[in-house]
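Undergrad: Right, I'll just put the structure down here and ask away after.
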Amino acid sequence: MTNTMKAIRIHSYGSPDVLTYEDAPCPDPGTAEVLVRVYAVGINPVDWKTRAGGGVARRLHNPFPMIPGWDVSGVVEAIGPGVTDFKVGDEVFGMVRFPEVGAAYAEYVAAPIEHLAVKPHSVDHIQAAAIPLAALTAWQALFEHGTLTSGQRLLIHGAAGGVGHLAVQVAKWKGAEVIGTGSTANLDYLHTLGLDQIIDYTTTRFEDAINPVDMVLDTVGGEILSRSFNVLKDGGELITIAGTPKPPDPQQAEKRGLRASGMLVHTEASHLKQIAQLMSDGSLLANIAQVFPLTEAKQAHESGEHRSLRRGKIVLQVRA
């Protein structure tokens, strides 16, 4: 095992130009950790927001030089003291250390065992790397912050996005009736997800197109968040992943007998294992928008920040 590895590091916050492909020290797994030989890394909006000094940057104290990224899929290379759940050679995936430094944009990453799950054999590393943060966000929004049950009506804003398209699949698996908003350009794709109703937000106000719902999952924020109160049933739930993790307007919600909350995703081993099972049985599949080699992390961030068609996930391929 070499003492160095190739990684993407940043030495200051800024534009995609700060992403540098260079040598970095190879980590050693600590107690209850494994060293993962990385095959693929998922990119999320929080990646480029943090790189620019937003996102979770405010939580990090002098992190430079910092290796970005949290979503990873790979193979266990070595195990640290106290590890019995995994062995060398296991294929694993997960969200590492979020919202602290995850250091996933690298050839190797040291990961706490509770941040990983066994990768289903039927799923490749590209697919597995695209799943963790977005799917955990969807799962926790619907079932931890919300209480979605079979037969309820759910409205998802931004249903074609990274979190949105996975939330649609999870909610349909649960047996909910799912309504999604999207742009005209994404309508054909949204039809493939099996939504019960699709609203083109560029031509139609969602309030005018649907009957009251039990829950709204908002991935957009702003005006859309405020207007969403108007489509909830009495006792309904509004969960937003946009902005900071605080209730969107608790007073407005309380006046109408509603529940409203913001959220920040966290790693939970039991949730990750359930997600792995959904992946294995074909109930959950990430739409891969683009794949870049690790050396082109700059181009991947540029594409994610500026692409006009907000659909699916971007992945960095570290190994073939």
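Undergrad: Anything in segment 231-244 that is out of contact with any helix residue (DSSP H, G or I) (no Cβ under 7 Å at 6 or more places or on another chain) and surrounded by fewer than 18 Cβ atoms within 10 Å (Cβ to Cβ)? List them, or say none.
TA: Matches in segment 231-244: Lys233, Asp234, Gly235, Gly243, Thr244.
Undergrad: Confirm whether Val291 is among the β-branched types (Val, Ile, Thr), in a strand (DSSP E or B), in contact with a strand residue (DSSP E or B) (Cβ under 7 Å, 6 or more places away or on another chain) and within 21 Å of Gly94 (Cβ to Cβ). Reasoning before the result, please.
TA: Values: among the β-branched types (Val, Ile, Thr): yes; in a strand (DSSP E or B): yes; in contact with a strand residue (DSSP E or B) (Cβ under 7 Å, 6 or more places away or on another chain): yes; within 21 Å of Gly94 (Cβ to Cβ): yes.
So Val291 fits the description; yes.
Undergrad: Something else now. Of the residues in segment 204-230, how many are at pLDDT below 95, more than 24 Å from the chain's Cα centre (by Cα) and open to solvent by less than 70 Å² (accessible area, probe 1.4 Å)?
TA: Counting residues in segment 204-230 that are at pLDDT below 95, more than 24 Å from the chain's Cα centre (by Cα) and open to solvent by less than 70 Å² (accessible area, probe 1.4 Å) gives 2.
Undergrad: Further question on the same structure: Just one of the numbered conditions (1) open to solvent by 50 Å² or more (accessible area, probe 1.4 Å); (2) modelled with pLDDT of 95 or more is not true of Ala185; which one?
TA: For Ala185, the exception is condition (2).
Undergrad: Right, next: Yes or no: segment 306-316 includes at least one residue that is hydrophobic (A, V, I, L, M, F, W, C), part of a helix (DSSP H, G or I), open to solvent by less than 50 Å² (accessible area, probe 1.4 Å) and closer than 26 Å to Ala141 by Cα.
TA: Filtering segment 306-316 for residues hydrophobic (A, V, I, L, M, F, W, C) gives 309, 314-316.
If we keep only those that are part of a helix (DSSP H, G or I) too, we end up with none.
There is no residue in segment 306-316 that is hydrophobic (A, V, I, L, M, F, W, C), part of a helix (DSSP H, G or I), open to solvent by less than 50 Å² (accessible area, probe 1.4 Å) and closer than 26 Å to Ala141 by Cα.
The values are calculated or read from the model by the stated rules, or taken from the named source; none is laboratory data. Note that this is a predicted model, so its numbers are computed, not measured. No Cβ is skipped: glycine too gets one built from the backbone with ideal geometry, and neighbour counts run over all protein chains shown. Keep in mind that these areas ignore ligands, DNA and RNA; they rest on the heavy atoms of the full protein, side chains included. Shrake-Rupley method; radii C 1.70, N 1.55, O 1.52, S 1.80 Å.
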